[in-house]
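S.K.: Structure incoming, see below.
The values are calculated or read from the model by the stated rules, or taken from the named source; none is laboratory data. Because the structure is a prediction, the values reported are computed rather than measured. Don't worry about glycine lacking a Cβ; one is built from the backbone with ideal geometry, like all the others, and counts go over all protein chains shown. Surface areas here come from the heavy atoms of the whole protein model, side chains and all, with no ligands, DNA or RNA. Shrake-Rupley method; radii C 1.70, N 1.55, O 1.52, S 1.80 Å.
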Amino acid sequence: MRIEFLTQDDPLYVLPFFEEFVRHYSSQFEILQIAASPTMGKRSRIQMLKELSQLYGLLGMARLTTRLVGARVFGKIPKRKGAQHYSTLPQLCRAYGIPFQQIGNPNALEFIESVRRRGPDVLVSVACPYILKEALLAIAPKGAINIHHAPLPKYKGMMPTFWQMFHGEKSVGLTIHYMVSKIDEGQALLQDEQSIEPHETLDHLIQRSKRHGAHCMARVLSQIQEGTAEPAGLDHSKGSYFTFPSSAEISEFRRRGFHAI
């Protein structure tokens, strides 16, 4: 089955998904291309820096910046297939011979036409920072699917892992669903959860859940390939939606004993 991935160029929190998926399942599925938009899409770089600084604090931002710079530097070094760790998504793709493209908005007509020419059976969104339009969603005959790290219809929107910790959930959910024009509202193909470990940081939980999500995605893709997928509707009247937390909510997150990093 031919798959095309849409994602964002994030070596800190998106790369763990692809490391896990490519390492274990690249021989099971034909990955036509992984296309990556800029991190957080068209969000202002200044606004993004301000928000992340509030969330992680000065020391946390220093640690993240060090990791990010290290990823960019070491990501230029060629690595072989099967290496224990990769620094960037392009480095991983080069090692496994998977086409990689840095893109802007995936809804651009030129990109949509290129997807149509490649002819994927399934289009897969992994933290793609844009709402995908119908012209793109309709291309793949077996559908377009997304992975959202929350038990939909609860915790739609941004930062679902943060909000599940904030509200005292004992586990973090995961939903893989078909994409429709309304965000996070397609039929569910799989729902799963992982326990939140005692004293686990947001940083660690996001990375751990991304790796777990790769195996869940492979399970769903196998079901689609075999024709055994069973989509289920969700009761969106019971849903909730969140955006990036405010400074007051971040302070409350810390007061409740949680740590971002």
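S.K.: Inside the range 167-188, can you point out the residues that are open to solvent by 20 Å² or more (accessible area, probe 1.4 Å) and touching a residue at least 12 places away in the same chain (Cβ under 8 Å)?
M.R.: Hits for the range 167-188 are 168, 169, 170, 171, 178, 179, 180, 181, 183, 185, 187.
S.K.: Moving on. Which residues, taken from the range 73-96, are open to solvent by less than 90 Å² (accessible area, probe 1.4 Å), farther than 12 Å from residue 15 by Cβ and in a loop (DSSP other than H, G, I, E, B)?
M.R.: 77, 79, 82, 83
S.K.: Do we find that residue 258 is closer than 24 Å to residue 183 by Cβ, surrounded by 15 or more Cβ atoms within 10 Å (Cβ to Cβ), hydrophobic (A, V, I, L, M, F, W, C) and in contact with a helix residue (DSSP H, G or I) (Cβ under 6 Å, 6 or more places away or on another chain) in this structure?
M.R.: no
S.K.: Hey, can you tell me all the residues within the range 129-152 that are open to solvent by 20 Å² or more (accessible area, probe 1.4 Å) and touching a residue at least 60 places away in the same chain (Cβ under 8 Å)?
M.R.: 129, 130, 142, listed by residue number.
S.K.: Where residues in the range 135-192 are assigned to a loop (DSSP other than H, G, I, E, B) and hydroxyl-bearing (Ser, Thr, Tyr), which of them is nearest to residue 17 (Cα to Cα)?
M.R.: Checked the range 135-192; the qualifying residue nearest to residue 17 (Cα to Cα) is 155.
S.K.: Within the range 206-237, how many residues are part of a helix (DSSP H, G or I) and either without any contact (Cβ under 8 Å) to a residue 12 or more places away in the chain or of a type in the set (S, T, N, Q) (or both)?
M.R.: Residues meeting the conditions: 7.
S.K.: Of everything in the range 44-60 that's open to solvent by less than 70 Å² (accessible area, probe 1.4 Å) and within 30 Å of residue 112 (Cα to Cα), which residue is nearest to the chain's Cα centre (by Cα)?
M.R.: The extreme case among them is 48.
S.K.: For residues in the range 238-252 being open to solvent by 60 Å² or more (accessible area, probe 1.4 Å) and not in a loop (DSSP other than H, G, I, E, B), which is farthest from residue 55 (Cα to Cα)?
M.R.: 238
S.K.: Suppose the filter is touching a strand residue (DSSP E or B) at 6+ places or on another chain (Cβ under 7 Å), closer than 24 Å to residue 223 by Cα and either among the hydrophobic types (A, V, I, L, M, F, W, C) or crowded, with 22+ Cβ neighbours inside 10 Å (or both); does residue 124 pass it?
M.R.: The answer is yes for residue 124.
S.K.: Also, I was wondering about something else. Would it be correct to say that residue 103 is within 25 Å of residue 139 (Cβ to Cβ) and in contact with a Cys (Cβ under 7 Å, 6 or more places away or on another chain)?
M.R.: Taking the combined requirement at face value, the residue does not satisfy it.
S.K.: Filtering the range 21-38 down to residues that are open to solvent by less than 30 Å² (accessible area, probe 1.4 Å) and not small (Gly, Ala, Ser), which residue is farthest from residue 70 (Cα to Cα)?
M.R.: My answer is 29.
S.K.: Does residue 195 satisfy the criteria of being open to solvent by 50 Å² or more (accessible area, probe 1.4 Å) and at pLDDT 95 or above?
M.R.: yes
S.K.: Related question: Taking residue 30, is it touching a strand residue (DSSP E or B) at 6+ places or on another chain (Cβ under 8 Å) and in contact (Cβ under 8 Å) with a residue 24 or more places away in the chain?
M.R.: yes
S.K.: Mind checking which residues of the range 238-258 are in contact (Cβ under 8 Å) with a residue 40 or more places away in the chain and over 21 Å from the mean Cα position of the chain (by Cα)?
M.R.: Selection gives 238, 247, 249, 250, 252, 253, 256, 258.
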